[in-house]
Amino acid sequence: MLPKEFRRDKGRRELMGSEPTTRVWLNGTFDVLHAGHIHLFQHAKNLYPNTIVCVGLDTDERIRQMKGSNRPINPLHDRINFLHAIRYIDKVVTFGTDDELRAQIVAFKPHIMVIGDDYRDRTIIGEEHIPRVVYVERYGNLSSTKIINGG
């Protein structure tokens, strides 16, 4: 049996024909998924026809370093499965360091990065490898941290 990524990509290539493909990159922890994340993925997928969306996912160790020993709530293998189940996402990769994140971005060769507008005016790791950054307004003021903390 072929991996899901390959099956989905092959089917998409057959539908696209010779039209150009736009590669869109997103990354994050995506520990507790919510409607804001789905909105972000949907926005990325609908930017252009024939868009391939790749999501870079922080490893459990990296999340613990960034957010504390009580995170992640969902382990990496579950978060990968959650993201694979979302129709707006074509590929999921993981990274454990800034250098690994940059390497994944370089390997994917994205045309666009989609990121929440709360990262505007902040340093974005790997942005030097992506020609265009698209900021998406926060949806419904949702936040995984707020959800985890009961807010």
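Every listed requirement among (1) free of Cβ contacts under 8 Å to residues at least 40 places away in the same chain; (2) assigned to a helix (DSSP H, G or I); (3) within 19 Å of Ala44 (Cα to Cα); (4) of a type outside the set (D, E, K, R) is met by Ala103 save one, (3).
For Ile52, the criteria (1) aliphatic (A, V, I, L, M); (2) in contact (Cβ under 8 Å) with a residue 24 or more places away in the chain; (3) farther than 15 Å from Thr22 by Cα hold in every case but one, which is (3). Scanning region 37-78 for residues that are within 16 Å of the chain's Cα centre (by Cα) and charged (D, E, K, R) yields Lys45, Asp58, Asp60, Arg62, Asp78. Residue count for region 47-100 under the criterion of being more than 16 Å from Val32 (Cβ to Cβ), of a type in the set (A, V, I, L, M) and in contact with a Lys or Arg (Cβ under 9 Å, 6 or more places away or on another chain): the result is 4.
Read the figures in this text as sums done on the coordinates, not as results from a lab. Treat the numbers as computed from the prediction; the structure is a model and nothing was measured. All Cβ positions, even for glycine, are placed from backbone atoms using ideal geometry, and neighbour counts span all protein chains on display.
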